[in-house]
Amino acid sequence: MARLGFDDPAGAERLLAEAGPAVTAELLDDLGTTADPGLALRGLLALITGAEHEGEAAALATALATDPTVRERLLAVLGVSSALADHLARHPSHWRALRAESDDPKPPPDTPPDAAPAPRVASGTEPADVKTANTEARPPAGPDAALTDAALTDAALTDAALADAALTDAVPGGAGDAARGELLRAVGADPDADEPVARDASTATLVALRVAYRRRVLMLAGRDLTGELDVAEVAATLADLASAALTAGLAVARAEVPGHETCRLAVIGMGKCGGRELNYVSDVDVIFVAEARDGRPEDAALRAATRLAAATMRACSASTPEGALWEVDAALRPEGKAGPLVRTLASHRAYYERWAKTWEYQALLKARPVAGDAELGTRYTASMGPIVWHAAEGVSFVEDVQAMRRRVEADLNRRTAEAGRQLKLGPGGLRDVEFAVQLLQLVHGRSDESLRARGTLDALAALSHGGYVGRDDAAALASAYRFLRRVEHLVQLHRLRRTHLVPDDPADLRRLGRALGLRTDPVGEFTALWRRHAREVRRIHEKLFYRPLLRAVARLPEEEARLTPDAARARLVALGYRDPAGALRHLQALTAGMSRRAAIQRTLLPVMLGWFADAPDPDGGLLGFRQVSDALGTTPWYLRLLRDDVTVADRMAHVLGASRYATDLLLRAPEAVAMLGRDSELRPRPVEALRTEALAAVRRRTGGVSAEDAVSAVRAVRRRELFRVSVADLLGTLDPGAVGEALTDITAVTIEAALDAAAGKVEAERRGPLPTAMAIVAMGRFGGHELGYGSDADVMFVHDPLPGADERDAASAASAVAEELRRLLALPAADPPLAVDPDLRPEGKAGPLVRSLASYAAYYARWSEPWESQALLRADPLVGDPALRDRFREVIDPVRWPEDGVHEDAVRQIRRLKARMESERLPRGVDRRLHLKLGPGGLSDVEWVAQLIQLRHAHEIPALRTTRTLAALDAAVGARLLDPSDATELAEAWRLATRIRAAIVLVRGRPSDLLPTDHHLERSAVAQVLGYPAAGDLLEDYHRHARRARAVVERAFYGAS
């Protein structure tokens, strides 16, 4: 028994002993050829038992002994499907459906709806390209075949247009007619009636419908599992069977709904049903379209049609003792589940012309009349067709398509436990093939009518024939698609349940493998074959849209058809490239010729073009890639690195396509691309390592090297480190706090090295050492270690004359150093600017640029205002003489953390100042809700709450003595000065505003405190960099956080109850 393939030989022996002579030796050998001999044996014995009760035993035994067709089909079904075995046990006579004389003809290219044959076109206009097998018939080519807007009203559809639509929607004859007749008779309806009506809508009638339907499924499965039909024919037959079931369901509905004769109702198949590529168990997607019969009020007719549609859905979906057929899903209708179930044709058209989104046009690609009023259904498809093929002209087409792709992948990522087993949504799954084909149809189908096929395989063949998809790629995708659909059918047949998951149980995998003809190692061979197909689909899918573009610009001889220039431009536009002509020029420049460089680029670019297309700025990404390649193309390591390390190429495409800021940095130092290959290279470097490198660059100023050259070397270090941090930020490996710390370290090191260079130059000019010690105090966001990419470096300069030095001479020397430092850092350069802003010093711009330590002490003791105490909360002496930095802290600590806290008068002044800032400092005409810094719930709000708490309580709570905002909030919570939930709201709002500010600079290359709302592309780019599905989601999230933070500010800062 084990040799025959039984997984439980002992159990099989017991069953055979109980069966007696019913299972012959020959039959036992045949059982061993099935996918699961044990399952087949159990099903056969249950059928024999049922046959004995129903008087079918003798006929069944004779057929098993003498009819090889019945035996092969029956055992194949029993070895795969326990659900059909159960059906046979309940209805033993249905084994007769497996006889050869019961066979329907193979399914034709298309199947008619509930109607007579379609009208023929006028004599002499028979189109020459109508296919006769395994393809959709297509309307005649030429612009005149499409209906004009005027002709597409309900009243003005021409006979020629209806004939064109009929060619694609109705081909008489075939399995669909036989199934329709059988299912209508099962519910007591006359198949020859114009509008069949069932005997009633009772449970018994619904049971009869299900029994007849499963008999047809059994008949189909027998031919499917013995290889008599290919997977496309099986899917088409299942769609025709669903059409027949909907027709019977509509007949039942007519018996239930009084007044049904007042309306005409057409059922439009969508999705896999419309495309005639249905699964064994699947939701059947439909749309209902209705109109009143002549002389009947439209409102009453629509109410009757709505009841009729709902009853049709119930007839198919209701649970009975024989189960349900499948769910009828009308969610693809205009407005989805929120819209009316039934609309008139005029209402459908008005919706699609005005409101429809790209995914709704994509869904219409497969729309086909499947039941009900044939003439109305044909008019529907004739009316919708031209609208579909103009979808790519919509202003939101590209954004919608990219959002759809991201949504599919994001949805899959949320179900990672199933992702690896998904036949439909997994990487390299059916959805990858279907989405790609439908997108290319939408892009090119407007100008090339040969692409207007509903079925995936037919459309793929047409795309290949026209040069829109490479011939080898199309063949590989078709092969993988057929395999995946075959596996999907087998998985669903087992229990007749809707599933797209490959099982993980070894016994189930073994049955799958054997059903596919894999007998040596069914589990291992199946798993390897499935993974290979999935990898191939994913590999091709990543290049599918782009490889033909390279052939379009290549000057190499090829046998395959190529994209025309217009088609290449159309594809680039649809994929997000706003300057398709420029993109094609870049592609030609990168891939022209027979050089090794061009060959490697032709390998890289199909994938990288896809990554650019997924980025916010595809054109900028491709241009940047060309510029970097031009700069590094002759270096041996560059292209080899991209070719051999996919991580580098992926990250490079992401950075170039997302960030003008990072791209500019890379273009000034292209060799920095090497750091993209290692995660360790994308971590901020320790500040001590940066300081050592920067100061070494300055102190190499020997042999006449100028201070300008020394600072230029330091700025090169800064440029490289800014690129490192910006890439890590774009890749999501740094949080806002880590970004702020890293940028602060880079700025501090740059200023320290510039101070060293400036001091050296002044000393050279004075021909002697400086007579004073100097330090630089970081203020504002610099002192808070919260710098952004576009932040100025707020500083104060302090000096302390050396013992015995003349104070005036020391002050003059210190001023000269400070001025030289500012000059050196302000010299024109291609780097992002580093503005050193000393305006927070005592007396502001009116005060001296540099003060002595004693002068600071005197000023703060006598003249300091509350706002200056507040500003000192973020003072951190980061640069210069260590001892002087410590002494400066001793001077300012009592000012910013006063004993017993600030008095109430100062608190009132601070609150008044804050209120005045909110009303006066915002730029005129700006929506204050969109200002990230000064708007309600913005950065300033959060920081002033923390700072007021510090001014009041830091003298007694050491943890509050910090320059960092979030650390101050945490300390306030720890001291029970701030409610934890309030602190959370403030911190989340601060982090989000900080992230948005950073993203704006990364995307635009320049800073802004305003949420981008006017510029559509920038707004979308910022949202995408931050990981939001759409710009509206970003705006909504920011407003929500800001609103909550402002509520805390009103309580914690202004004292509102």
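The values are calculated or read from the model by the stated rules, or taken from the named source; none is laboratory data. Values in this document were obtained by computation on a predicted structure and should not be read as measured data. Note that each Cβ is placed from the backbone with ideal geometry, even for glycine, and that neighbours are counted across all protein chains shown.
Annotations
- Pairs, first touching a residue at least 40 places away in the same chain (Cβ under 8 Å) and crowded, with 21+ Cβ neighbours inside 10 Å in the stretch 957-979, second acidic (Asp, Glu) and in a helix (DSSP H, G or I), C-beta under 9 Å, six or more apart: THR965/GLU943
Matching residues to (1) among the aromatic types (Phe, Trp, Tyr); (2) surrounded by fewer than 21 Cβ atoms within 10 Å (Cβ to Cβ); (3) at pLDDT 95 or above; (4) outside any strand (DSSP E or B):
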{"site": "LEU278", "(1), (2), (3), (4)": "no, no, yes, yes"}
{"site": "VAL286", "(1), (2), (3), (4)": "no, no, yes, no"}
{"site": "ASP294", "(1), (2), (3), (4)": "no, yes, no, yes"}
{"site": "THR306", "(1), (2), (3), (4)": "no, yes, yes, yes"}
{"site": "CYS316", "(1), (2), (3), (4)": "no, no, yes, yes"}
{"site": "SER319", "(1), (2), (3), (4)": "no, yes, yes, yes"}
{"site": "LEU325", "(1), (2), (3), (4)": "no, no, yes, yes"}
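- Hits in the stretch 11-27 - residues which are small (Gly, Ala, Ser), farther than 16 Å from LEU39 by Cβ and modelled with pLDDT under 80: ALA17, GLY20, ALA22
- Criterion applied to VAL437, VAL388, VAL370 was being β-branched (Val, Ile, Thr), modelled with pLDDT of 85 or more and over 28 Å from GLY576 (Cβ atoms), and the one residue passing it is VAL370.
- Within the stretch 332-347, being within 18 Å of VAL284 (Cβ to Cβ) and surrounded by 14 or more Cβ atoms within 10 Å (Cβ to Cβ) holds for LEU332, ARG333, LEU341, VAL342.
Results for (1) over 48 Å from the mean Cα position of the chain (by Cα); (2) closer than 21 Å to ARG99 by Cα; (3) surrounded by fewer than 16 Cβ atoms within 10 Å (Cβ to Cβ), shown as yes or no for each residue.
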residue	(1), (2), (3)
THR24	yes, yes, yes
LEU41	no, yes, no
ALA63	yes, yes, no
LEU74	no, yes, no
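- Out of THR34, THR62, THR49, sole residue that is touching a residue at least 24 places away in the same chain (Cβ under 8 Å), of a type in the set (S, T, N, Q) and over 22 Å from GLY227 (Cβ atoms): THR49
- First in the stretch 191-211 and more than 18 Å from ALA318 (Cβ to Cβ), second anywhere and part of a loop (DSSP other than H, G, I, E, B), Cβ under 6 Å, 6 or more apart: PRO196/ALA189; PRO196/ASP190; VAL197/ALA189
- Test: GLU807 is of a type in the set (Asp, Glu) and surrounded by 16 or more Cβ atoms within 10 Å (Cβ to Cβ): no
- Being in a helix (DSSP H, G or I) and closer than 29 Å to LEU802 by Cβ is a property that holds for ALA759.
- Meets criteria (out of contact with any Lys or Arg (no Cβ under 6 Å at 6 or more places or on another chain) and crowded, with 20+ Cβ neighbours inside 10 Å) for MET652: yes
- Of the residues making up the stretch 604-641, those that are over 26 Å from GLU536 (Cβ atoms) and either small (Gly, Ala, Ser) or not assigned by TED's automatic domain parsing to the domain that holds HIS654 (or both) are GLY620, GLY621, GLY624, SER629, ALA631, GLY633.
- Test: residue in the stretch 869-881 that is modelled with pLDDT of 95 or more and surrounded by fewer than 15 Cβ atoms within 10 Å (Cβ to Cβ): no
A quick yes/no check of all residues on (1) more than 27 Å from GLN1024 (Cβ to Cβ); (2) in contact with a strand residue (DSSP E or B) (Cβ under 7 Å, 6 or more places away or on another chain); (3) outside the structural domain of GLN870 (by TED's automatic domain parsing):
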residue	(1), (2), (3)
ALA710	yes, no, no
ALA716	yes, no, no
ASP729	no, no, no
LEU734	no, no, no
LEU743	no, no, no
ALA748	yes, yes, no
LEU755	yes, yes, no
ALA775	yes, yes, no
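- Residue pairs meeting the criteria (Cβ under 6 Å; at least 6 apart or on separate chains; first under 10 Å from SER864 (Cβ atoms), in the stretch 883-897; second surrounded by 14 or more Cβ atoms within 10 Å (Cβ to Cβ) and among the aromatic types (Phe, Trp, Tyr)): VAL895/TYR860
- Residue match in the stretch 514-533 (condition: surrounded by 15 or more Cβ atoms within 10 Å (Cβ to Cβ), modelled with pLDDT of 75 or more, under 17 Å from GLY470 (Cβ atoms) and not hydrophobic (A, V, I, L, M, F, W, C)): no
- Across the stretch 1027-1051, the number of residues qualifying as under 24 Å from ASP735 (Cβ atoms) and either at pLDDT 95 or above or in a helix (DSSP H, G or I) (or both) comes to 17.
- Test: residue in the stretch 912-933 that is out of contact with any strand residue (DSSP E or B) (no Cβ under 7 Å at 6 or more places or on another chain) and more than 30 Å from ARG1040 (Cβ to Cβ): no
- Test: residue in the stretch 476-491 that is assigned to a loop (DSSP other than H, G, I, E, B), closer than 29 Å to MET219 by Cα and touching a residue at least 24 places away in the same chain (Cβ under 8 Å): no
- Evaluation of GLY925 against (1) crowded, with 23+ Cβ neighbours inside 10 Å; (2) free of Cβ contacts under 8 Å to residues at least 60 places away in the same chain; (3) over 22 Å from VAL895 (Cα atoms) (one fails), failing number: (1)
- The stretch 880-966 holds helices (runs of 4 or more DSSP H) entirely within its bounds, and those carrying 2 or more residues that are over 50 Å from the mean Cα position of the chain (by Cα) map to 882-896, 904-920.
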